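Asker: Have a look at this one before I ask anything.
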């Protein structure tokens, strides 16, 4: 964050404030969402299991990962991936599920 702020001639706090103003979410929330979306993509495309996805994306446990996943997508990882595979559409993947 410091490097990004410096390259834009801003303080770190100004960058956080501007980011939240533009995206309506904090930088940490945004990073978490990006990680969960990438984990979802890999579980769907590469058949990555929940524990491996959790560890690969910096979660201490699969239960912590599952809670955060459900908070974002509204379903547990297993149910979500199963449902996505049932009605699999490649355009969803292309548009960043």
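The values are calculated or read from the model by the stated rules, or taken from the named source; none is laboratory data. This one's a predicted model, so the numbers in the text were calculated from it and none came from an experiment. Note that we place each Cβ from the backbone using ideal geometry, even for glycine, and neighbour counts take in every protein chain shown.
Asker: Which count do you get for residues in region 57-75 that are surrounded by 13 or more Cβ atoms within 10 Å (Cβ to Cβ) and farther than 12 Å from residue 36 by Cα?
Answerer: Number of matching residues: 2.
Asker: Of the residues in region 31-48, how many are more than 14 Å from the chain's Cα centre (by Cα) and more than 17 Å from residue 76 (Cβ to Cβ)?
Answerer: Number of matching residues: 2.
Asker: Here is a further query. Could you please let me know if residue 71 is at pLDDT below 95, over 10 Å from the mean Cα position of the chain (by Cα) and outside any loop (DSSP other than H, G, I, E, B)?
Answerer: no
Asker: I'd like the full set of residues that are assigned to a loop (DSSP other than H, G, I, E, B) and surrounded by 12 or more Cβ atoms within 10 Å (Cβ to Cβ), limited to region 12-32.
Answerer: 25, 26 - these are the residues of region 12-32 that are assigned to a loop (DSSP other than H, G, I, E, B) and surrounded by 12 or more Cβ atoms within 10 Å (Cβ to Cβ).
Asker: Please tell me if residue 28 is at pLDDT below 95 and under 12 Å from the mean Cα position of the chain (by Cα). Walk me through how you get there before you give the answer.
Answerer: Working: at pLDDT below 95: yes; under 12 Å from the mean Cα position of the chain (by Cα): yes.
It is true that residue 28 is at pLDDT below 95 and under 12 Å from the mean Cα position of the chain (by Cα).
Asker: Could you please let me know if residue 44 is surrounded by 13 or more Cβ atoms within 10 Å (Cβ to Cβ), touching a helix residue (DSSP H, G or I) at 6+ places or on another chain (Cβ under 9 Å), over 28 Å from residue 3 (Cβ atoms) and touching a residue at least 12 places away in the same chain (Cβ under 8 Å)?
Answerer: For residue 44, the condition - surrounded by 13 or more Cβ atoms within 10 Å (Cβ to Cβ), touching a helix residue (DSSP H, G or I) at 6+ places or on another chain (Cβ under 9 Å), over 28 Å from residue 3 (Cβ atoms) and touching a residue at least 12 places away in the same chain (Cβ under 8 Å) - is met.
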